Amino acid sequence: MKKTALNQMHRDMGGKMVEFAGFDMPVQFEGLTIEHETVRKNLGVFDVSHMGEFWVEGPKAFELVQRITTNDVAALYDGKVQYSCFPNGKGGIVDDLLVYRFNDEKYLLVVNAANIDKDWAWVNACNTNGAVLRNASDETSQLAIQGPLALKAMQKLTSTPIEDMEYYTFKVVDFAGVKDVLLSTTGYTGSGGCEIYFDNADAEKIYKAMLEAGAEFGIKPIGLGARDTLRLEMGFCLYGNDINDTTSPIEAGLGWITKFVDGNDFIDRAYMEQQKASGVAHQLRAFEMIDKGIPRQHYEICDENGHTIGEVTSGTMSPMLKKGIGMGYINKSHTKLGTEIFIKIREKMIKAQVVKLPFYKG
(Lines give C-alpha, C1' and ligand atoms only; values in the text may rest on other atoms or scores of the structure.)
Protein backbone atom coordinates (compact mmCIF):
# COMPACT_ATOMS: atom_id res chain seq x y z
CA MET A 1 0.00 0.00 0.00
CA LYS A 2 1.07 3.56 -0.64
CA LYS A 3 1.40 5.94 2.30
CA THR A 4 0.88 9.68 2.44
CA ALA A 5 3.55 11.91 4.02
CA LEU A 6 1.33 12.17 7.12
CA ASN A 7 0.86 8.42 7.66
CA GLN A 8 2.91 8.21 10.86
CA MET A 9 1.21 11.29 12.31
CA HIS A 10 -2.19 9.70 11.71
CA ARG A 11 -1.05 6.59 13.56
CA ASP A 12 0.42 8.63 16.42
CA MET A 13 -2.91 10.48 16.74
CA GLY A 14 -4.84 7.23 17.05
CA GLY A 15 -6.22 7.04 13.52
CA LYS A 16 -7.93 3.79 12.58
CA MET A 17 -6.18 2.91 9.34
CA VAL A 18 -7.71 1.08 6.37
CA GLU A 19 -6.83 0.42 2.74
CA PHE A 20 -8.47 2.94 0.42
CA ALA A 21 -7.67 3.33 -3.29
CA GLY A 22 -4.34 1.60 -2.72
CA PHE A 23 -3.39 3.91 0.17
CA ASP A 24 -3.14 3.34 3.93
CA MET A 25 -5.61 5.98 5.12
CA PRO A 26 -7.36 6.95 8.39
CA VAL A 27 -11.06 6.06 8.25
CA GLN A 28 -11.69 7.70 11.63
CA PHE A 29 -9.99 9.11 14.72
CA GLU A 30 -12.43 9.93 17.52
CA GLY A 31 -15.52 8.50 15.85
CA LEU A 32 -17.53 9.14 12.70
CA THR A 33 -20.44 11.05 14.23
CA ILE A 34 -18.37 13.43 16.33
CA GLU A 35 -16.01 14.06 13.40
CA HIS A 36 -18.96 14.73 11.09
CA GLU A 37 -20.53 17.18 13.57
CA THR A 38 -17.16 18.90 14.10
CA VAL A 39 -16.98 19.78 10.40
CA ARG A 40 -20.61 20.95 10.25
CA LYS A 41 -20.26 23.18 13.35
CA ASN A 42 -16.59 24.16 13.60
CA LEU A 43 -13.76 22.83 11.44
CA GLY A 44 -11.82 19.69 10.72
CA VAL A 45 -8.80 18.71 8.65
CA PHE A 46 -8.69 15.78 6.21
CA ASP A 47 -5.57 14.28 4.67
CA VAL A 48 -6.52 13.87 1.01
CA SER A 49 -2.99 13.49 -0.29
CA HIS A 50 -4.05 10.31 -2.09
CA MET A 51 -5.78 12.45 -4.74
CA GLY A 52 -4.08 12.88 -8.13
CA GLU A 53 -2.65 16.06 -9.64
CA PHE A 54 -1.90 16.49 -13.35
CA TRP A 55 -0.36 19.63 -14.83
CA VAL A 56 -1.34 20.56 -18.40
CA GLU A 57 0.80 23.31 -19.91
CA GLY A 58 1.91 24.95 -23.14
CA PRO A 59 0.20 26.60 -26.12
CA LYS A 60 -2.06 23.57 -26.62
CA ALA A 61 -3.14 23.23 -22.97
CA PHE A 62 -6.51 24.95 -23.32
CA GLU A 63 -7.41 22.99 -26.45
CA LEU A 64 -6.76 19.66 -24.72
CA VAL A 65 -8.59 20.44 -21.46
CA GLN A 66 -11.58 21.82 -23.36
CA ARG A 67 -11.83 18.66 -25.45
CA ILE A 68 -11.51 16.11 -22.64
CA THR A 69 -13.84 17.75 -20.09
CA THR A 70 -17.58 18.44 -20.33
CA ASN A 71 -17.65 21.83 -18.64
CA ASP A 72 -16.73 24.99 -20.56
CA VAL A 73 -13.08 25.73 -19.84
CA ALA A 74 -13.41 29.00 -21.80
CA ALA A 75 -15.57 30.31 -18.93
CA LEU A 76 -12.62 30.06 -16.53
CA TYR A 77 -10.38 32.98 -15.65
CA ASP A 78 -7.01 33.03 -13.88
CA GLY A 79 -7.54 31.89 -10.28
CA LYS A 80 -10.86 30.14 -10.95
CA VAL A 81 -11.70 26.47 -10.32
CA GLN A 82 -14.29 24.36 -12.14
CA TYR A 83 -15.94 21.03 -11.36
CA SER A 84 -16.09 18.80 -14.43
CA CYS A 85 -15.79 15.25 -15.72
CA PHE A 86 -13.93 13.28 -18.38
CA PRO A 87 -16.35 11.67 -20.89
CA ASN A 88 -15.03 8.29 -22.04
CA GLY A 89 -16.08 8.26 -25.71
CA LYS A 90 -18.73 5.62 -24.99
CA GLY A 91 -21.29 7.75 -23.15
CA GLY A 92 -19.83 7.12 -19.69
CA ILE A 93 -17.48 8.92 -17.31
CA VAL A 94 -13.76 8.23 -16.90
CA ASP A 95 -13.69 10.31 -13.72
CA ASP A 96 -14.91 13.54 -12.18
CA LEU A 97 -12.34 16.20 -11.43
CA LEU A 98 -11.46 19.79 -10.60
CA VAL A 99 -9.88 22.07 -13.23
CA TYR A 100 -7.69 24.95 -11.98
CA ARG A 101 -6.77 27.71 -14.43
CA PHE A 102 -3.50 29.53 -13.71
CA ASN A 103 -3.40 31.09 -17.18
CA ASP A 104 -4.33 30.15 -20.73
CA GLU A 105 -1.29 27.88 -20.95
CA LYS A 106 -1.28 26.35 -17.47
CA TYR A 107 -3.97 24.17 -15.87
CA LEU A 108 -4.06 21.77 -12.93
CA LEU A 109 -6.39 18.76 -13.03
CA VAL A 110 -7.22 17.15 -9.68
CA VAL A 111 -8.54 13.59 -10.01
CA ASN A 112 -9.71 10.78 -7.75
CA ALA A 113 -7.14 8.59 -6.02
CA ALA A 114 -8.53 5.28 -7.28
CA ASN A 115 -8.42 6.53 -10.88
CA ILE A 116 -4.97 8.14 -11.08
CA ASP A 117 -3.42 5.53 -13.39
CA LYS A 118 -6.55 5.21 -15.53
CA ASP A 119 -6.96 8.98 -15.82
CA TRP A 120 -3.29 9.57 -16.62
CA ALA A 121 -3.44 6.99 -19.41
CA TRP A 122 -6.65 8.57 -20.73
CA VAL A 123 -5.32 12.15 -20.74
CA ASN A 124 -2.14 11.01 -22.50
CA ALA A 125 -4.11 9.00 -25.08
CA CYS A 126 -6.22 12.10 -25.84
CA ASN A 127 -3.20 14.40 -26.04
CA THR A 128 -2.85 14.35 -29.83
CA ASN A 129 -2.17 18.07 -30.10
CA GLY A 130 1.06 18.32 -28.09
CA ALA A 131 0.14 19.76 -24.71
CA VAL A 132 2.85 19.37 -22.06
CA LEU A 133 1.74 16.92 -19.35
CA ARG A 134 3.19 16.17 -15.91
CA ASN A 135 1.85 13.79 -13.29
CA ALA A 136 2.67 15.36 -9.90
CA SER A 137 0.50 12.98 -7.85
CA ASP A 138 3.30 11.20 -5.97
CA GLU A 139 5.10 14.41 -4.97
CA THR A 140 2.06 16.46 -3.93
CA SER A 141 0.28 16.49 -0.57
CA GLN A 142 -3.23 17.86 -0.12
CA LEU A 143 -5.16 18.80 3.00
CA ALA A 144 -8.82 19.78 3.15
CA ILE A 145 -9.74 22.14 6.00
CA GLN A 146 -13.51 22.15 6.08
CA GLY A 147 -16.17 23.82 8.19
CA PRO A 148 -17.64 27.28 8.88
CA LEU A 149 -14.60 28.36 10.92
CA ALA A 150 -11.97 26.94 8.56
CA LEU A 151 -10.97 30.11 6.70
CA LYS A 152 -10.95 32.17 9.90
CA ALA A 153 -8.51 29.75 11.48
CA MET A 154 -6.32 29.36 8.39
CA GLN A 155 -6.07 33.14 7.97
CA LYS A 156 -3.70 33.02 10.95
CA LEU A 157 -1.17 31.12 8.81
CA THR A 158 -0.98 33.51 5.84
CA SER A 159 -0.75 37.28 5.33
CA THR A 160 -2.74 37.00 2.09
CA PRO A 161 -6.46 37.73 2.63
CA ILE A 162 -8.39 34.47 2.25
CA GLU A 163 -11.55 34.88 4.34
CA ASP A 164 -13.36 36.83 1.59
CA MET A 165 -12.36 34.52 -1.27
CA GLU A 166 -15.22 33.49 -3.54
CA TYR A 167 -16.29 29.85 -3.73
CA TYR A 168 -14.24 27.82 -6.23
CA THR A 169 -11.35 30.27 -6.56
CA PHE A 170 -7.69 29.89 -5.59
CA LYS A 171 -4.54 31.79 -4.68
CA VAL A 172 -0.88 30.83 -4.44
CA VAL A 173 0.23 31.99 -0.99
CA ASP A 174 2.92 31.79 1.67
CA PHE A 175 1.33 29.50 4.26
CA ALA A 176 2.69 28.42 7.66
CA GLY A 177 6.12 29.66 6.55
CA VAL A 178 6.03 27.64 3.31
CA LYS A 179 6.18 29.42 -0.04
CA ASP A 180 3.99 28.72 -3.09
CA VAL A 181 1.16 26.84 -1.39
CA LEU A 182 -1.96 26.52 -3.54
CA LEU A 183 -5.07 27.38 -1.50
CA SER A 184 -8.53 26.96 -3.03
CA THR A 185 -12.01 27.52 -1.61
CA THR A 186 -13.17 24.07 -2.65
CA GLY A 187 -14.21 20.98 -0.73
CA TYR A 188 -16.35 17.87 -0.56
CA THR A 189 -18.43 18.65 2.54
CA GLY A 190 -20.73 21.60 1.78
CA SER A 191 -19.68 23.35 4.99
CA GLY A 192 -17.19 25.83 3.55
CA GLY A 193 -13.44 25.92 3.98
CA CYS A 194 -10.49 25.30 1.70
CA GLU A 195 -8.14 22.74 0.22
CA ILE A 196 -4.39 23.29 0.04
CA TYR A 197 -1.66 21.68 -2.08
CA PHE A 198 2.07 21.59 -1.34
CA ASP A 199 5.21 19.45 -1.58
CA ASN A 200 5.35 16.27 0.50
CA ALA A 201 8.42 17.56 2.32
CA ASP A 202 6.34 20.32 3.96
CA ALA A 203 3.44 18.08 5.03
CA GLU A 204 4.21 17.59 8.72
CA LYS A 205 5.16 21.23 9.26
CA ILE A 206 1.95 22.48 7.65
CA TYR A 207 -0.28 19.87 9.37
CA LYS A 208 1.09 20.72 12.82
CA ALA A 209 0.69 24.46 12.15
CA MET A 210 -2.92 23.91 11.08
CA LEU A 211 -3.79 21.96 14.22
CA GLU A 212 -2.20 24.69 16.35
CA ALA A 213 -3.93 27.53 14.48
CA GLY A 214 -7.28 25.79 14.67
CA ALA A 215 -7.05 24.69 18.31
CA GLU A 216 -8.98 27.69 19.66
CA PHE A 217 -11.79 26.95 17.17
CA GLY A 218 -12.05 23.25 18.04
CA ILE A 219 -10.24 21.72 15.06
CA LYS A 220 -9.99 17.93 14.88
CA PRO A 221 -8.40 15.47 12.46
CA ILE A 222 -11.14 13.87 10.35
CA GLY A 223 -11.14 10.47 8.66
CA LEU A 224 -12.52 9.23 5.36
CA GLY A 225 -15.65 7.85 7.04
CA ALA A 226 -16.97 11.31 7.88
CA ARG A 227 -15.83 12.57 4.48
CA ASP A 228 -18.28 10.14 2.91
CA THR A 229 -21.25 10.97 5.18
CA LEU A 230 -20.60 14.71 4.74
CA ARG A 231 -20.51 14.50 0.93
CA LEU A 232 -23.62 12.32 0.87
CA GLU A 233 -25.63 14.78 2.98
CA MET A 234 -24.89 17.30 0.20
CA GLY A 235 -25.66 14.86 -2.61
CA PHE A 236 -22.16 15.07 -4.08
CA CYS A 237 -21.38 12.17 -6.44
CA LEU A 238 -18.75 9.59 -5.53
CA TYR A 239 -16.96 7.96 -8.44
CA GLY A 240 -17.39 4.20 -8.39
CA ASN A 241 -20.71 4.54 -6.57
CA ASP A 242 -22.89 7.22 -8.16
CA ILE A 243 -20.98 7.69 -11.42
CA ASN A 244 -18.77 5.34 -13.42
CA ASP A 245 -17.76 4.25 -16.93
CA THR A 246 -21.37 3.32 -17.79
CA THR A 247 -23.24 6.38 -16.45
CA SER A 248 -23.52 9.62 -18.42
CA PRO A 249 -23.46 13.07 -16.81
CA ILE A 250 -27.03 13.60 -18.03
CA GLU A 251 -28.25 10.47 -16.24
CA ALA A 252 -26.27 11.45 -13.13
CA GLY A 253 -27.87 14.89 -12.81
CA LEU A 254 -24.63 16.55 -13.89
CA GLY A 255 -26.15 18.47 -16.78
CA TRP A 256 -24.97 21.63 -15.01
CA ILE A 257 -21.34 20.69 -15.75
CA THR A 258 -22.14 19.57 -19.32
CA LYS A 259 -22.06 22.76 -21.38
CA PHE A 260 -23.40 22.69 -24.94
CA VAL A 261 -22.00 26.08 -25.92
CA ASP A 262 -20.20 27.24 -29.06
CA GLY A 263 -16.58 26.19 -29.09
CA ASN A 264 -17.01 23.44 -26.49
CA ASP A 265 -16.67 20.39 -28.73
CA PHE A 266 -15.90 17.88 -26.00
CA ILE A 267 -15.76 14.11 -26.44
CA ASP A 268 -19.29 12.57 -26.61
CA ARG A 269 -20.96 15.98 -27.00
CA ALA A 270 -23.38 14.79 -29.74
CA TYR A 271 -24.40 11.74 -27.71
CA MET A 272 -25.08 13.79 -24.58
CA GLU A 273 -26.99 16.46 -26.50
CA GLN A 274 -29.21 13.70 -27.84
CA GLN A 275 -29.74 12.38 -24.30
CA LYS A 276 -30.68 15.81 -23.05
CA ALA A 277 -33.12 16.34 -25.91
CA SER A 278 -34.82 12.95 -25.85
CA GLY A 279 -34.55 12.15 -22.15
CA VAL A 280 -33.02 9.14 -20.38
CA ALA A 281 -34.57 5.91 -19.11
CA HIS A 282 -33.27 6.28 -15.57
CA GLN A 283 -31.77 9.07 -13.52
CA LEU A 284 -29.77 9.48 -10.33
CA ARG A 285 -32.14 10.65 -7.61
CA ALA A 286 -31.92 11.39 -3.91
CA PHE A 287 -34.27 9.81 -1.39
CA GLU A 288 -34.97 9.94 2.34
CA MET A 289 -36.24 7.02 4.36
CA ILE A 290 -39.76 7.44 5.73
CA ASP A 291 -39.70 4.16 7.63
CA LYS A 292 -36.77 3.16 9.81
CA GLY A 293 -33.89 1.70 7.84
CA ILE A 294 -30.45 2.42 6.43
CA PRO A 295 -30.04 2.11 2.65
CA ARG A 296 -26.77 0.65 1.37
CA GLN A 297 -25.08 0.44 -2.03
CA HIS A 298 -26.64 -2.17 -4.36
CA TYR A 299 -29.91 -2.47 -2.41
CA GLU A 300 -32.88 -2.76 -4.77
CA ILE A 301 -35.26 0.17 -5.20
CA CYS A 302 -38.85 -1.00 -5.77
CA ASP A 303 -42.29 0.40 -6.54
CA GLU A 304 -45.39 -0.18 -4.39
CA ASN A 305 -45.97 -3.53 -6.10
CA GLY A 306 -42.50 -4.81 -5.33
CA HIS A 307 -41.19 -4.44 -8.88
CA THR A 308 -37.54 -3.42 -9.10
CA ILE A 309 -37.22 0.12 -10.50
CA GLY A 310 -33.63 0.93 -9.58
CA GLU A 311 -30.62 0.40 -7.35
CA VAL A 312 -29.06 2.32 -4.45
CA THR A 313 -25.63 3.75 -5.31
CA SER A 314 -24.86 5.48 -1.98
CA GLY A 315 -26.63 5.34 1.37
CA THR A 316 -26.07 6.02 5.05
CA MET A 317 -27.63 7.18 8.30
CA SER A 318 -27.36 10.97 8.21
CA PRO A 319 -25.56 12.18 11.37
CA MET A 320 -27.29 15.58 11.14
CA LEU A 321 -30.80 14.51 10.07
CA LYS A 322 -30.87 11.28 12.12
CA LYS A 323 -32.53 9.38 9.31
CA GLY A 324 -31.54 7.13 6.44
CA ILE A 325 -30.61 8.93 3.21
CA GLY A 326 -29.38 7.74 -0.15
CA MET A 327 -29.03 8.14 -3.89
CA GLY A 328 -29.71 5.71 -6.67
CA TYR A 329 -30.63 5.32 -10.31
CA ILE A 330 -34.41 5.09 -10.64
CA ASN A 331 -36.64 4.46 -13.65
CA LYS A 332 -37.88 7.76 -15.08
CA SER A 333 -41.49 6.92 -14.11
CA HIS A 334 -40.59 7.27 -10.42
CA THR A 335 -38.17 10.21 -10.40
CA LYS A 336 -40.60 13.04 -9.61
CA LEU A 337 -40.01 14.81 -6.28
CA GLY A 338 -42.21 13.37 -3.54
CA THR A 339 -42.68 10.01 -5.27
CA GLU A 340 -43.00 7.14 -2.82
CA ILE A 341 -40.50 4.33 -3.37
CA PHE A 342 -39.36 1.33 -1.36
CA ILE A 343 -35.86 0.14 -0.46
CA LYS A 344 -35.50 -3.63 -0.17
CA ILE A 345 -33.64 -4.24 3.10
CA ARG A 346 -33.26 -7.89 4.14
CA GLU A 347 -36.26 -8.89 2.01
CA LYS A 348 -38.46 -6.19 3.60
CA MET A 349 -39.89 -3.23 1.68
CA ILE A 350 -38.93 -0.08 3.61
CA LYS A 351 -40.74 3.10 2.58
CA ALA A 352 -38.84 6.15 1.27
CA GLN A 353 -39.52 9.16 -0.93
CA VAL A 354 -37.68 11.03 -3.68
CA VAL A 355 -36.40 14.39 -2.41
CA LYS A 356 -34.48 17.43 -3.62
CA LEU A 357 -30.80 17.86 -2.86
CA PRO A 358 -29.05 18.74 -0.67
CA PHE A 359 -30.35 16.61 2.20
CA TYR A 360 -28.67 18.87 4.76
CA LYS A 361 -29.31 22.56 4.34
CA GLY A 362 -27.30 23.94 7.26
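The values are calculated or read from the model by the stated rules, or taken from the named source; none is laboratory data. Since this is a predicted model, take the numbers as computed values, not measurements. Cβ placement follows ideal geometry from the backbone for every residue including glycine, while neighbour counts extend to all protein chains displayed.
Of note:
- Looking only at residues of region 197-215 that are more than 16 Å from LEU6 (Cα to Cα) and in contact (Cβ under 8 Å) with a residue 60 or more places away in the chain, we find that the one that is surrounded by the most Cβ atoms within 10 Å (Cβ to Cβ) is GLY214.
- Between TYR83, TYR77, TYR100, the distinction of being hydroxyl-bearing (Ser, Thr, Tyr) and touching a helix residue (DSSP H, G or I) at 6+ places or on another chain (Cβ under 8 Å) belongs to TYR83 only.
- Identity of the residue in region 263-319, of a type in the set (Asp, Glu) and touching a helix residue (DSSP H, G or I) at 6+ places or on another chain (Cβ under 9 Å), that ends up farthest from GLY225 (Cα to Cα): ASP265
- Test set (1) without any contact (Cβ under 8 Å) to a residue 12 or more places away in the chain; (2) within 20 Å of ALA270 (Cβ to Cβ) - ALA121 fails condition number: (2)
- Elements of type strands (runs of 3 or more DSSP E) in region 102-172, at least 1 residues being surrounded by fewer than 14 Cβ atoms within 10 Å (Cβ to Cβ) and in contact with a strand residue (DSSP E or B) (Cβ under 7 Å, 6 or more places away or on another chain): 132-135
- When the residues of region 31-80 are filtered to those that are of a type in the set (Gly, Ala, Ser) and either farther than 19 Å from ILE267 by Cα or at pLDDT below 95 (or both), the one that is surrounded by the most Cβ atoms within 10 Å (Cβ to Cβ) is GLY44.
- Enumeration of residues in region 79-97 that are part of a loop (DSSP other than H, G, I, E, B) and at negative phi: ASN88, LYS90, GLY92
- Of all residues in region 218-228, at least one satisfies being under 30 Å from GLY89 (Cβ atoms), in the same structural domain as ILE93 (by TED's automatic domain parsing) and out of contact with any helix residue (DSSP H, G or I) (no Cβ under 8 Å at 6 or more places or on another chain).
- Criterion violated by GLY315 - all others in (1) in the same structural domain as ARG227 (by TED's automatic domain parsing); (2) part of a strand (DSSP E or B) satisfied: (1)
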